[in-house]
Every structure is written in C-alpha cells, then in structure tokens.
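Data block below; observations after.
The values are calculated or read from the model by the stated rules, or taken from the named source; none is laboratory data. In this text the structure is predicted, and so the values were computed from the model without any measurement. Neighbour counts run over all protein chains shown; Cβ positions are idealised from the backbone, glycine included.
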Amino acid sequence: MIKIEKRLRFDPFWRIKALATMASRMMVETRPLAESDPRIAARAADGLVAQIESRIAVGELADGAFLPAERELMAEYGISRSVVREAVARLASRGLIEARHRFRPVVRRPGYDAALSAVSGIASHLLSDTSGIKSLYDTRVFLEAALVRHAALHARKEDIGALRTALAANEQAISDSQRFYASDVAFHAVLYEIPRNPVFPSVHKAFTSWLAPHWERMLRSPERNRINYLSHREIFEAIVERDPEAAERALQNHLASAWEYVRGTFDERTAVATRLVHG
C-alpha cells in the first residue's frame, strides 16, 4: 500500500496505466470464451486477415518470408489458435500465402498468378461436366485467335525465334506423347508472351492447370501428335508471313479439331458410366 501511494505521488498517471493493463489482460483471458461464438470468431479472423494483408502490401512481410508462428500471432493479437488457423486458411485461399501441412506458411505477394490460383477451386467445380469444360475451352479459342492475329501483326524478331524454337521441340517430341504434350503447351505459351502483358501468361498457366486433368486422360499416339505438330507449323508460317487472317484460320481449325478428339473421350466415358448404371 505504501509503495502504491508513493507511486501515485510521483506518477499521477500510474493508476490509469495500471487499470488499462488490467483491462487488456482481462480481454485476452476472456477472448477464447467469446470466440466460442462462431460470429465473433469470424470477425476476429477477418481482423487478422486484414492486418496481415496490410503488412504484406507495405512490404513488412516480404514475398517468400515465413508468416509469424501461430503462438506469435496469438500473443500479438490476443486471439485463439482456431482464429489464427481460420485466418491462415483464408489468406491461402486468396493466394497471399502458401500453406503446406507441417510447414510454416510462406508469404506470397499478390500477383496475377496468385489471383487466378485463388479461384482454382471454383474452376474445378465448374469443370465437373462437359459443358463447363467446353465453355472454358471456347474462351481459350477466343483469346488465342486474338493472340495469333496480334502475333502476325506485331511479333518481334525474338518472338519469331521463340516460336521457331518451340516448334522444333514440338517436332522432336512427336514419338514421345508425354514430351509432346509438354512441348505443345510450351508452343502455345509463347503466343501468350508476345503482347508483353503479364496477365496473358498467367491466364495461360490457369487454362493449362484447369484443363490438364481432362487433357491427360486423352488417348495419344505419334500419329495424332504429328497432326497437331503440322497445325502448329501452319500457325507459325502464317505469323512469319504476317498474315493475321491465315493465322487465325489455322488456329481455329487446329483447336476445333482438337476439341472433336477430346469430346470423343468424354462421350466414351459417358457411355461406359451409363452401361454401368443400367447394367
């Protein structure tokens, strides 16, 4: 009591500080009880997400850095472990962090790849039937038709060189379907690079990622690979000749033929499923 009186005599604000400290401790101690209400826990997670997003945006949490440990976040913000984990899950779904089991989450600065990656779960749901796949494929055709026209009109010397290199790799892989698929993706990727717009390569990566599970189920053969290679060569030659009409026509024919081949595999799977259901 004497010590408190002396403290008050020399520091009149000590009592206010002490009460504030006591109140803060009480809030932290009672927070877990309050967070048992899902609505309060959700608001707490919203607050933590906003704080971490802000720290990433200003560079306090740099790209590639580890997110602070769960215990650190709990102590710093006075929240429970469940709230931290909910916030981490939300940040991962937005592409702001990379979260893997048994590893510390890693910060990923927002970018086009991250933005498209964040909707991959929704895309997978939309691609659960043939109509969804066809809609996405038509979007790809529409975009690539514009890209080959642009390439025919604006491709630079180094762009033509990149296409020529990709085409040569495509031809060399005809006998190996796995390598051919990778070289096919690489050839089309060059078309997305030519406009020098960072959105387009990210879109191509997203298309490839979303459609890959379906394309990988296709039956492949050196004969089919050669047909696709010749289509790529026709597109390339039209671009070199600076003929946007021929380039678009070659691209449209190539992707229309590819879709007919893919659709056949869908029809076969549907027929098999029907026979299994109806005996």
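Report every pair of residues separated by at least 6 positions or lying on different chains whose Cβ atoms are under 8 Å apart, first residue within segment 238-256 and assigned by TED's automatic domain parsing to the domain that holds LEU153, second among the small types (Gly, Ala, Ser) and not in a helix (DSSP H, G or I).
So the pair list comes out as ILE239/ALA155.
Within segment 70-91, take every residue that is of a type in the set (Asp, Glu) and in contact with a helix residue (DSSP H, G or I) (Cβ under 6 Å, 6 or more places away or on another chain) and give me the one that is surrounded by the fewest Cβ atoms within 10 Å (Cβ to Cβ).
Among those residues, the one meeting the criterion is GLU70.
Out of all the residues in segment 204-255, which are exposed (fewer than 14 other Cβ atoms within 10 Å of the Cβ), under 25 Å from SER135 (Cα atoms) and either under 27 Å from the mean Cα position of the chain (by Cα) or of a type in the set (S, T, N, Q) (or both)?
Within segment 204-255, ALA212, PRO213, GLU216, ARG217, ASN253 meet the criteria.
Residue-by-condition table, conditions (1) of a type outside the set (Gly, Ala, Ser); (2) modelled with pLDDT under 95; (3) in contact with a Gly (Cβ under 6 Å, 6 or more places away or on another chain):
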residue	(1), (2), (3)
HIS232	yes, no, no
ALA238	no, no, no
ASP243	yes, no, no
ARG249	yes, no, no
HIS254	yes, no, no
ARG263	yes, yes, no
PHE266	yes, yes, no
ARG269	yes, yes, no
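Could you say which residue among ALA152, ALA206, ALA162 is within 29 Å of ARG263 (Cα to Cα) and assigned to a helix (DSSP H, G or I)?
ALA206 is the lone residue from the list that is within 29 Å of ARG263 (Cα to Cα) and assigned to a helix (DSSP H, G or I).
Being over 23 Å from the mean Cα position of the chain (by Cα), small (Gly, Ala, Ser) and modelled with pLDDT of 90 or more narrows it down to one of ALA44, ALA69, so name that one.
ALA69
Only one residue in LEU191, LEU163, LEU153 is within 21 Å of the chain's Cα centre (by Cα) and at pLDDT 95 or above. Which one?
Exactly one of LEU191, LEU163, LEU153 is within 21 Å of the chain's Cα centre (by Cα) and at pLDDT 95 or above, namely LEU191.
Do you know which residues across segment 156-206 are among the polar types (S, T, N, Q) and in contact with a Phe, Trp or Tyr (Cβ under 6 Å, 6 or more places away or on another chain)?
ASN170, SER202
Which of the numbered conditions does ILE122 fail, given that it passes all the others? Conditions: (1) over 26 Å from PHE187 (Cβ atoms); (2) modelled with pLDDT of 65 or more; (3) among the hydrophobic types (A, V, I, L, M, F, W, C).
ILE122 satisfies every listed condition except (2).
In segment 165-202, what count of residues is obtained for those that are outside any helix (DSSP H, G or I) and either free of Cβ contacts under 8 Å to residues at least 24 places away in the same chain or β-branched (Val, Ile, Thr) (or both)?
Qualifying residue count, segment 165-202: 5.
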